[in-house]
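Chemist: Sharing a structure below in structure tokens format, with a few things to ask.
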2 protein chains.
Amino acid sequence: MSTLDRLKNAAGPKGFSEDAAEIAPHLVEWRGKYKGHTPLLLKPQTTAEVSAILAICHETHTAIVPQGGNTGLVGGQIPLDGEILLSLSRMNRIRSIEPGALICEAGTILADAQRAADAAERYFPLSLAPEGSCTIGGNLSTNAGGVNVLRYGNARDLVLGLEVVLADGRVLDMLRTLRKDNTGYDLKQMFIGAEGTLGVITAAALKLFARPQARETAFVAMRDPAAAVELLARLQAATGGLVSAFELMPRIGLELVLAHIPQTADPLATPSPWYALVEATSGAAMPLRETLETELARTIGDGLATDATLAGSDARQAALWRLRESMSEAQKHEGASIKHDVSVPIRAIPEFLKQGMALVETIVPGARPVPFGHLGDGNIHFNISVPKGGNNEAFLARWEDMSRAVHDLVHHFGGSISAEHGIGVMKRDDLPLYKSAAEMDVMRALKKTMDPHGILNPGKILIPSP
Amino acid sequence: MSTLDRLKNAAGPKGFSEDAAEIAPHLVEWRGKYKGHTPLLLKPQTTAEVSAILAICHETHTAIVPQGGNTGLVGGQIPLDGEILLSLSRMNRIRSIEPGALICEAGTILADAQRAADAAERYFPLSLAPEGSCTIGGNLSTNAGGVNVLRYGNARDLVLGLEVVLADGRVLDMLRTLRKDNTGYDLKQMFIGAEGTLGVITAAALKLFARPQARETAFVAMRDPAAAVELLARLQAATGGLVSAFELMPRIGLELVLAHIPQTADPLATPSPWYALVEATSGAAMPLRETLETELARTIGDGLATDATLAGSDARQAALWRLRESMSEAQKHEGASIKHDVSVPIRAIPEFLKQGMALVETIVPGARPVPFGHLGDGNIHFNISVPKGGNNEAFLARWEDMSRAVHDLVHHFGGSISAEHGIGVMKRDDLPLYKSAAEMDVMRALKKTMDPHGILNPGKILIPSP
């Protein structure tokens, strides 16, 4: 029997497709940046099927690319070299839920996991823009970030246990729901953020939390990012760590939103060079609003902030978030932009922004930096819009020069060239520029140990060994 | 030159000792359970020296055991087979401190790291009984737990970056202080909790937090552990997750403390079968005390708790903690005890305790279980005192039978046979009973990849391969 036939058998009658129309949407990254091809889409429904599939791939040295909701931004989920495509979408059962833990399969859509937690009167805090289509397996394989990292950590921090199928088909059942377990190497850590190159995550035990009962959102104006760093520290001290989001925005970003996005309004009377969108959550019994009011008043009194407004209603909270969440969209209306998903130590943000914005000007005079994002995590979306009236293509032709310069600066500040999106193929060839030879060697050694034939998502993160 | 001479050279003139008197305290585990021997104690002061030492060990296939403060409880730090002993004690510099991160060397004593954070008006939450002598390197190599896990996580969760010397002497510099960094495999995770078997941690970047400004401690009486699990959920909901410790104690434990530990008193008027010691912390601006008072009153009104007292002063808080912290000590006065450091999913605690206490009675009739500990983490110190008036030796002779039965029960509930102490040699041979063959295989494969000659802390966690 041919390998393809063996794989189809292993996946069961409903577990595969060779229909070009069905396969097509799985082959293109959603922005159209990466396009792949495959002879076969596999859609197993059980861990045993995934196990059988990988055993065959291992035996026959057949390359395979795991895919969740296909929302990745660095091409990690695309079969660029004609690999078999392994969609986990049919493995979407919630296996169990208890107050402390939700066990669900890799293909569970993030929003469904959030809803299952909510239905059990608990809270699963992972939240990011594509949550209606991205999957838990993809979230964990890329160690997703999102808007609640400041309070609840990255995806890695939300995992209690994992079920993983190894390259040779063996199943690692580590679906424990323990808060403490020091019995040897914590193997699950290896697969989180590995983008499917060391094993295929088939299920996860996720940490659940008490549902926040109160939520307050503030919009604060300040002179510079240094004031924002200080404000974050003060609010964390005043609330005892209840700040769940702290997003930085420059005036130019707000202006683009006001200009291009309907039904938006400047929340404050006077323009300010920088803004922070701050959210804090607490239990019902804590007077969160009073605490924030007091602290923000003090901050303005001290001259640290120049103005602030606290959203009084859910509708006003949503309106404030809309300003932040429309920032990428608003930039589109201004023409092309060159984007960077970078992080630096929080205290280095002001200086990084100062030098970074100056640097941009030296590379493309008139280019407009619109840096915004998760200041509380040190994660800045350092996006740069084409000069006003400039040529889009000419600007985009400078992407590599610009990125190299920005990434070098990030590296100078001890930062990361991929804060939350991962490496995939997009940043693969740059990785050795910013990691030491020893780190690269150990990564390659792990890959070789866990996937000796190089069948798992080859060419992602690491250049395949010959 | 002999290997020993080469190692001495690499460590520098002050970097070694062959003096039996100086070496002696390093060879005995503090309770006297494990005793080792060594031809040479190395005390390097720099990462470069550690690197040179390991390169020689790798080249000459010379086994070496890293040691921090020698406070481990499972024998992981003892050169049981005459290995070279590598003390990190002279690598104790604080390299840098900033609001978000403290970078210090592996030999830094935990209390010194706490103090350095405090001096910078920040907070490093890792806290455990031996904090005056245990070291950061040991804490991370064992993924230490302690009293603040509920709020701040285990040692693993407090690490931003690591510096590690590999078995062959190469240095992995991963001393980043980033909150988000998705650039390939998160290699630092592999070394945390690996008990020095995959590499030697020489420095760490640790997460710092806002200093808690308010602290409230309550002592609550309840009928059974199920009520304690429910109380924890309610307090987390009311405070929005500000509970930092939730410790369970049985009446027998309190009675032993009251009988044997001077200057202790029952905080409540009427005896109760079970108690919880609860601590919550917050920023200055949050009315933590009022919140807890309201919630505890409601809990008593609902019949969930039967009585409660909130410590009004630092002295009363200390007195309540003394009851909890004296529990092991008080047990000593009652004769021998068989101890287990186990965890189960939090919701399983009531049933585990019920079945576990019945099980103990079937193995040694009259044996007195005194289970207490970190209910909020699912971590119970399931300690069993000799029957009243029973023979200590006869009781201790049953250790293995008792432990096997308790560990089997723990496993039945999806629990862990080592919640926070690690494996070392003590639990090494039991590990394969409770881990799958696939997990053991992957652990062995990682060991082989990272330490091909098996020189790093051989025989700890895993049986050495022949």
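The values are calculated or read from the model by the stated rules, or taken from the named source; none is laboratory data. No experiment lies behind these values; they were computed from the predicted model shown. As a convention, Cβ positions derive from the backbone with ideal geometry for all residues, glycine included, and neighbour counts pool all protein chains shown. Ligands, DNA and RNA are stripped out before the accessible areas are found, and what is left, the full protein with its side chains, is counted by its heavy atoms. Shrake-Rupley method; radii C 1.70, N 1.55, O 1.52, S 1.80 Å.
Chemist: Please enumerate the residues belonging to segment B:133-156 that are within 11 Å of chain A (Cβ to nearest Cβ), in contact (Cβ under 8 Å) with a residue 24 or more places away in the chain and either over 10 Å from the mean Cα position of the chain (by Cα) or part of a helix (DSSP H, G or I) (or both).
Modeler: B:141, B:149, B:150, B:151, B:152, B:155, B:156
Chemist: All but one of (1) at pLDDT 95 or above; (2) out of contact with any Asp or Glu (no Cβ under 9 Å at 6 or more places or on another chain) hold for residue A:202; state the number of the condition that does not hold.
Modeler: (2)
Chemist: Return a yes/no flag: does segment B:296-304 have any residue that is in a strand (DSSP E or B), at pLDDT 95 or above, more than 10 Å from every other protein chain (Cβ to nearest Cβ) and under 27 Å from residue B:152 (Cα atoms).
Modeler: no
Chemist: Only one of A:351, A:329, A:361 is more than 20 Å from residue A:245 (Cα to Cα), in contact with a Phe, Trp or Tyr (Cβ under 8 Å, 6 or more places away or on another chain) and outside any loop (DSSP other than H, G, I, E, B); which? First the steps, then the outcome.
Modeler: Details: A:329 fails: in contact with a Phe, Trp or Tyr (Cβ under 8 Å, 6 or more places away or on another chain); A:361 fails: in contact with a Phe, Trp or Tyr (Cβ under 8 Å, 6 or more places away or on another chain).
Exactly one of A:351, A:329, A:361 is more than 20 Å from residue A:245 (Cα to Cα), in contact with a Phe, Trp or Tyr (Cβ under 8 Å, 6 or more places away or on another chain) and outside any loop (DSSP other than H, G, I, E, B), namely A:351.
Chemist: Just to check your reading of the model, which residue among B:279, B:255 is among the acidic types (Asp, Glu) and within 14 Å of chain A (Cβ to nearest Cβ)?
Modeler: Going through B:279, B:255 in turn, the sole match is B:279.
Chemist: Just for segment A:331-352: of the residues that are of a type in the set (A, V, I, L, M) and within 14 Å of another protein chain (Cβ to nearest Cβ), which one is most open to solvent (accessible area, probe 1.4 Å)?
Modeler: So the residue we want is A:346.
Chemist: Keeping to segment B:266-286, report how many residues are in a loop (DSSP other than H, G, I, E, B), among the charged types (D, E, K, R) and open to solvent by less than 40 Å² (accessible area, probe 1.4 Å). Break it down into steps so the answer makes sense when it comes.
Modeler: First pass over segment B:266-286, keeping only residues in a loop (DSSP other than H, G, I, E, B): B:266-273, B:283-286.
Checking the rest, the ones that are also among the charged types (D, E, K, R) come to B:266.
In the following step, the residues that additionally are open to solvent by less than 40 Å² (accessible area, probe 1.4 Å) were identified as none.
Residues in segment B:266-286 being in a loop (DSSP other than H, G, I, E, B), among the charged types (D, E, K, R) and open to solvent by less than 40 Å² (accessible area, probe 1.4 Å): 0 in total.
Chemist: How many of the residues making up segment A:1-53 are open to solvent by less than 50 Å² (accessible area, probe 1.4 Å), of a type in the set (D, E, K, R) and more than 25 Å from the chain's Cα centre (by Cα)?
Modeler: Count: 2.
Chemist: Shifting gears a bit: Suppose we keep only residues that are assigned to a strand (DSSP E or B), in contact (Cβ under 8 Å) with a residue 24 or more places away in the chain and open to solvent by 10 Å² or more (accessible area, probe 1.4 Å) within segment A:160-173. Which one would you say is nearest to residue B:419 (Cα to Cα)?
Modeler: By that ranking, first place goes to A:160.
Chemist: Here is a further query. Just one of the numbered conditions (1) assigned to a strand (DSSP E or B); (2) in contact with a Phe, Trp or Tyr (Cβ under 7 Å, 6 or more places away or on another chain); (3) not hydroxyl-bearing (Ser, Thr, Tyr) is not true of residue B:320; which one?
Modeler: Condition (1) is where residue B:320 drops out.
Chemist: If you don't mind, there's one more thing I want to ask. Out of A:453, A:412, I need the residue that is more than 10 Å from chain B (Cβ to nearest Cβ) and without any contact (Cβ under 8 Å) to a residue 12 or more places away in the chain. Which one?
Modeler: Working: A:453 fails: without any contact (Cβ under 8 Å) to a residue 12 or more places away in the chain.
Among A:453, A:412, only A:412 is more than 10 Å from chain B (Cβ to nearest Cβ) and without any contact (Cβ under 8 Å) to a residue 12 or more places away in the chain.
Chemist: Tell me which residues, restricted to segment A:59-70, are touching a Ser or Thr at 6+ places or on another chain (Cβ under 6 Å) and more than 12 Å from residue A:89 (Cβ to Cβ).
Modeler: Once the filter is applied, which keeps residues that are touching a Ser or Thr at 6+ places or on another chain (Cβ under 6 Å) and more than 12 Å from residue A:89 (Cβ to Cβ), segment A:59-70 yields A:60, A:62.
Chemist: May I ask you to say which residue of B:235, B:206, B:187, B:242 is facing another protein chain (nearest Cβ under 9 Å), closer than 29 Å to residue B:45 by Cβ and in contact (Cβ under 8 Å) with a residue 12 or more places away in the chain? Can you show your working first?
Modeler: Numbers: B:235 fails: closer than 29 Å to residue B:45 by Cβ; B:206 fails: facing another protein chain (nearest Cβ under 9 Å); B:242 fails: closer than 29 Å to residue B:45 by Cβ.
It is B:187.
Chemist: On the given criteria, is residue B:130 part of a loop (DSSP other than H, G, I, E, B), open to solvent by 10 Å² or more (accessible area, probe 1.4 Å), within 30 Å of residue B:317 (Cα to Cα) and not small (Gly, Ala, Ser)?
Modeler: yes
Chemist: For segment A:422-447: of the residues being more than 8 Å from chain B (Cβ to nearest Cβ) and over 19 Å from residue A:83 (Cα atoms), which is most open to solvent (accessible area, probe 1.4 Å)?
Modeler: Kept after step one, since they are more than 8 Å from chain B (Cβ to nearest Cβ), are these residues of segment A:422-447: A:424-426, A:428-430, A:432-433, A:437, A:440, A:444, A:447.
Remaining after also requiring over 19 Å from residue A:83 (Cα atoms): A:429-430, A:432-433, A:437, A:440, A:444.
Numbers: A:429: 93, A:430: 37, A:432: 62, A:433: 92, A:437: 73, A:440: 10, A:444: 110 Å².
If we take residues in segment A:422-447 being more than 8 Å from chain B (Cβ to nearest Cβ) and over 19 Å from residue A:83 (Cα atoms), then A:444 is most open to solvent (accessible area, probe 1.4 Å).
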